[in-house]
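Peer 1: Starting off with a structure, shown below.
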Amino acid sequence: MMTNPTGRITQGQFSFLPDLSDKQITAQIRYGLDKGYAWSIEYTDDPHPRNTYWEMFGMPMFDLHDPAGILGELNDCRKTFPDRYIRMNAFDSTRGVESVAMSFIVNRPLTEPGFGVVRQEAEARHLRYTVHPYATDRPEGERR
Amino acid sequence: MDGSSPGELTEITDVTQRYKAGVLKYRQMGYWRPDYTPKVTDIICLFRITPQPGVEPEEAAAGVAGESSCATWTVVWTDRLTACDNYRAKAYKVEPVPNNPEQFFAWIAYDLSLFEEGSIANMTASLIGNVFGFKPLKALRLEDIHIPVAYVKTFKGPPTGLIVERERLDKFGRPLLGATTKPKLGLSGRNYGRVIYEGLKGGLDFMKDDENINSQPFMHWRDRFLYVMDAVNKASAATGEVKGSYLNVTAATMEDMYERAEFAKELGSVVIMIDLVIGWTAIQSIANWARRNSMVVHLHRAGHSTYTRQKRHGVSFRVIAKWCRLAGVDHLHAGTAVGKLEGDPLTVQGYYNVCRDAYTHQDLPRGLFFDMDWADTKKVMPVASGGIHAGQMHQLLDLFGDDCILQFGGGTIGHPQGIQAGAVANRVALEAMVQARNEGRDIAHEGPAILKAAAQHCTPLRQALDTWGEVTFNYQSTDASDYAPTPAVA
């Protein structure tokens with residue numbers, strides 16, 4: 001159980017709000033599509049803050065402009081990986097941006113074990129820090 | 001009028017007359033050129049001039065052109081050893097400032113060859129070097145500047161830029177949230193780190209040293225860095241997010257600053273901080289260091305109000321913002337419009353635009369006089385900081401959009417239930433407002449209702465709104481744009 005005020009990992013745009021309903025997720029998808037973004041779905045069992053490359057649930061949906069279709073993909077992902085973190089990412093290919101423009105978590109494990117800090121003490125009061133996900137104490141594929 | 005004879009109003013073209021020893025009007029020396037068409041490679045400055053009584057606007061403009069380029073008060077024959085016409089800045093247009101009979105806008109063009117490549121120090125030494133003390137003027141203000149692509153490309157710009165910063169931090173689609181540690185002075189390193197930890201764990205992305213936190217008797221810089229980084233890493237583990245705290249490396253010498261920056265790097269900080277008072281050369285040096293070390297550079301604009309605030313005299317902050325972007329900073333304090341510090345909303349939006357634009361378009365209500373192509377220079381994250389609170393979230397998001405940092409210092413640390421609760425209130429208010437905007441709601445008008453609804457599932461937000469909901473800073477701005485609305489083309 002994580003001890004921050006939300007009791008869970010707070011990555012993404014909306015982790016401090018109650019879980020978004022499918023209707024609310026659809027509204028966000030529509031906003032991104034109206035901006036010309038391409039949506040993609042990613043999942044992981046290793047939510048380390050610097051684990052950039054979550055697994056892709058298929059390719060980014062560059063040519064899918066129907067919010068219901070994108071939500072359908074998300075629900076397929078949820079069925080396949082009900083106990084993983086799943087996030088929706090929107091890409092903006094505008095020159096000078098060419099990066100993620102939106103990102104929010106839409107599925108979580110039932111319990112979120114969180115992270116520990118490992119301190120390596122060195123000379124002159126130096127400390128080297130490692131943020132360690134408890135989830136990765138278990139083998140790949142068996143983490144929560 | 002200064003009673004000039006017709007012969008004194010224009011450039012003298014007869015070289016024997018032009019270079020006869022003695023004193024000429026600046027117009028006669030060739031600094032007033034109403035027929036001049038600026039080249040695409042010229043730097044163009046727009047000055048607001050308040051001439052002394054009896055000095056004609058054209059002569060005043062020519063004087064500014066002369067004193068900010070190659071003139072001195074008398075004729076010198078050594079001009080004739082040079083391609084002097086090239087080096088003379090050319091005042092080519094003056095217009096009365098709307099509703100202000102004493103003042104004039106003057107457009108002055110400078111040839112590219114006047115400036116050293118990639119040096120803000122050199123550009124400013126010319127453009128604002130001697131001329132602001134020039135006696136024939138009562139006051140002088142540099143309102144805006146056009147810098148051509150040819151010169152823009154000689155600057156490296158922000159070391160990181162807002163796009164890459166977001167990728168490093170893994171934070172997208174919303175403004176970032178920060179807070180300045182308070183009280184500004186007096187906390188020990190140990191106590192200071194407590195504030196950092198509580199704010200970050202509560203939900204802020206960044207905490208911040210204040211501009212005057214360096215290495216005073218109550219807290220040595222090294223102690224501060226060690227405690228702060230423990231807090232940052234603990235908060236990162238507690239939330240699963242990348243967190244940061246702007247470690248202010250401002251110090252007496254570059255050697256001290258490099259030493260502090262190196263220590264911040266060794267401890268794993270993602271960001272360091274500098275104050276504008278260190279000067280352009282030091283800013284460009286730190287930017288170079290940051291490029292080598294993958295560091296975000298936060299710039300606090302300490303000191304700027306001494307020359308940006310008064311409309312008659314000084315340098316507009318929009319010019320300072322352009323120089324800062326070229327010099328190479330990633331964050332720049334650019335005003336809040338709704339908080340405790342100076343700034344009319346449109347004028348402040350103008351500052352935000354020059355930080356983030358790929359191409360800046362002329363926009364007179366926002367004080368932007370020139371089109372300017374930024375030639376893919378990285379973008380600066382503008383920072384809104386000073387007397388803002390969660391109850392203004394809709395106004396802030398509506399005015400400034402996603403690509404900015406909103407810093408609530410007192411508005412986090414002063415929360416009745418503590419710092420974590422203050423951070424939660426701000427984060428919930430922000431996420432609720434972003435969500436509502438994306439759902440198509442009119443946040444400028446529905447904002448208070450959206451906040452109230454969000455507060456129903458968030459006690460800290462309700463307490464924040466109860467504490468500060470009515471606090472505003474409504475004072476007359478000293479620096480709104482002067483422009484005459486032109487009739488729309490039918």
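Peer 1: Taking the Cα centre of segment A:22-110 as origin, sum charge times position over the Cβ atoms of Lys and Arg (+1) and Asp and Glu (-1), and report the length of that vector in debye to the nearest 20.
Peer 2: 260 debye
Peer 1: How much space per residue, in cubic angstrom, does the convex hull of the C-alpha atoms of segment B:303-419 take up? Show your work: numbers first, answer last.
Peer 2: Values: hull volume 13.1 nm³, N = 117.
Spread over its residues, the Cα hull of segment B:303-419 gives 112 Å³ apiece.
Peer 1: Are any of the pairs B:LYS153/B:LYS184; B:LYS25/B:LYS311; A:LYS23/A:LYS79; B:LYS93/B:LYS311; B:LYS20/B:LYS311 more than 29 Å apart by Cα-Cα distance, and if so, which?
Peer 2: Check vs 29 Å cut-off fails for B:LYS153/B:LYS184; B:LYS20/B:LYS311.
Peer 1: For chain A, modelled as a Gaussian network with Cα springs under 10 Å, which listed residue fluctuates most, A:ASP63, A:ASP22, A:ASP83?
Peer 2: Checking each option, the largest mean-square fluctuation is seen for A:ASP63.
Peer 1: Then there is this: Given a 1.4 Å probe, how much area per residue of segment A:22-110 is accessible, in Å²? The partial results should precede the final answer.
Peer 2: Numbers: 4380 Å² over 89 residues.
Value for segment A:22-110: 49 Å² per residue.
Peer 1: Can you list the HN-Hα couplings for segment B:67-83, worked out from phi with the Karplus curve (6.51, -1.76, 1.60; θ = phi - 60°), rounded to whole Hz and with x for Gly and Pro?
Peer 2: 6, 9, 10, 10, 7, 10, 6, 10, 5, 10, 5, 5, 3, 6, 7, 10, 7
Peer 1: Can you tell me the equivalent ellipsoid semi-axes for the protein assembly as shown? Use √(5λ) from the Cα gyration tensor, largest first, whole Å.
Peer 2: On the way: eigenvalues 506, 139, 104 Å².
Taking √(5λ) for each Cα gyration eigenvalue gives 50, 26, 23 Å.
Peer 1: What angle do you read, to the nearest 10 degrees and between 0 and 90, between the alpha-carbon axis of helix A:22-34 and the longest principal axis of chain A?
Peer 2: Compared with the principal axis, the helix lies near 70 degrees.
Peer 1: To the nearest µm²/s, what D does Stokes-Einstein give for segment A:22-110 at 37 °C and 0.692 mPa s, using the Kirkwood radius over alpha carbon pairs as Rh?
Peer 2: 248 µm²/s
Peer 1: Pop out the Kirkwood hydrodynamic radius of segment B:219-340 from its pairwise C-alpha distances, inverse of mean 1/r, in Å to one decimal.
Peer 2: With all distinct Cα pairs of segment B:219-340 included, I get 15.5 Å.
Peer 1: Rounded to the nearest 10 degrees, what's the angle between the helix B:459-468 long axis and the longest principal axis of chain B, both from Cα atoms, 0 to 90?
Peer 2: The angle comes out near 40 degrees.
Peer 1: Among B:LYS39/B:LYS138; B:LYS90/B:LYS322; B:LYS90/B:LYS379; B:LYS182/B:LYS452, which pairs are too far apart, with a Cα-Cα distance over 25 Å?
Peer 2: B:LYS39/B:LYS138; B:LYS90/B:LYS379; B:LYS182/B:LYS452
Peer 1: Enumerate by residue number the GluC sites (Glu not before Pro) in segment A:1-103 meeting two conditions: DSSP loop (anything except H, G, I, E, B), and at most 12 other Cβ atoms within 10 Å of the site's Cβ.
Peer 2: Filter output for segment A:1-103: A:GLU98.
Peer 1: A follow-up question, please. In terms of modelled amide H atoms, which long-range or inter-chain residues lie less than 5 Å from the amide H of A:GLU112?
Peer 2: A:MET2
Peer 1: How much accessible surface area, in Å² rounded to 10, belongs to the heavy atoms of B:THR478 with a 1.4 Å probe?
Peer 2: Per-residue accessible area (B:THR478): approximately 50 Å².
Peer 1: Using R₀ = 35 Å, calculate the FRET efficiency as 1/(1 + (r/R₀)^6) where r is the Cβ-Cβ separation of A:THR136 and A:GLU98; round to 0.05.
Peer 2: 0.70
Peer 1: A further question on this structure: Pulled fully out, how much extra length does the chain show between B:LEU9 and B:ALA375, if you take 0.36 nm times their separation in residues and subtract their Cα-Cα distance?
Peer 2: 127.8 nm is the gain from fully extending B:LEU9 to B:ALA375.
Peer 1: So what's the gap between the Cα centers of segment B:222-247 and segment A:75-144, to the nearest angstrom?
Peer 2: When both Cα centres are located, 18 Å separates them.
Peer 1: Extending each Cα 7 Å along its Cβ direction at A:LEU127 and B:ARG312, get the distance between those two points in nm, one decimal.
Peer 2: Going from the A:LEU127 label point to the B:ARG312 one covers 5.5 nm.
Peer 1: Could I ask something else about it? Note the angle between two axes, namely the Cα long axis of helix A:67-80 and the longest principal axis of the Cα atoms of chain A, as a number of degrees from 0 to 90, rounded to the nearest 10.
Peer 2: 40 degrees
Peer 1: So for chain B, what are the equivalent ellipsoid semi-axes in whole Å, largest first, each being the square root of 5 times an eigenvalue of the Cα gyration tensor?
Peer 2: Working: eigenvalues 423, 129, 67 Å².
Taking √(5λ) for each Cα gyration eigenvalue gives 46, 25, 18 Å.
Peer 1: Can you give the accessible area of A:MET61, probe radius 1.4 Å, in Å² rounded to 10?
Peer 2: Accessible area, nearest 10 Å²: 30 Å².
Peer 1: Something else about it: Once ligands and nucleic acids are excluded and a 1.4 Å probe is used, how much of B:VAL76 is accessible, expressed in Å² to the nearest 10?
Peer 2: 50 Å²
Peer 1: Same structure, new question: Which number do you get for Rg(Cα) / (2.2 N^0.38 Å) in segment A:78-144?
Peer 2: Working: Rg = 17.6 Å, N = 67, 2.2 N^0.38 = 10.9 Å.
Rounded to two decimals, the normalised Rg is 1.62.
Peer 1: From Cα pairs below 8 angstrom and at least 6 apart in sequence, can you work out the relative contact order of chain B, rounded to a whole percent?
Peer 2: The value is 15 percent.
Peer 1: Interface B/A, total buried accessible area with a 1.4 Å probe, nearest 100 Å²? Don't skip to the answer; put the middle values down first.
Peer 2: Values: alone 20280 and 9300 Å², together 25940 Å².
Interface area, both chains combined: 3600 Å², rounded to the nearest 100.
Peer 1: When only Cα pairs under 8 Å and 6 or more residues apart are kept, what is the percent relative contact order across segment A:22-110?
Peer 2: The value is 31 percent.
Peer 1: Okay, moving on. Using a 1.4 Å probe on the heavy atoms of the protein chains only, list every residue of segment B:252-290 that has 20 Å² or more less accessible area in the complete assembly than in its chain alone.
Peer 2: Relative to the lone chain, where solvent access is computed with a 1.4 Å probe, segment B:252-290 loses at least 20 Å² at B:GLU266, B:LEU267.
The values are calculated or read from the model by the stated rules, or taken from the named source; none is laboratory data. Owing to the predicted nature of the structure, the values given are computational and were not obtained by experimental measurement. Positions of Cβ are generated from backbone atoms using ideal geometry, with glycine treated the same way; all protein chains shown enter the neighbour counts. We work out accessible area using only protein heavy atoms, side chains counted, and drop any ligands, DNA or RNA first. Shrake-Rupley method; radii C 1.70, N 1.55, O 1.52, S 1.80 Å.
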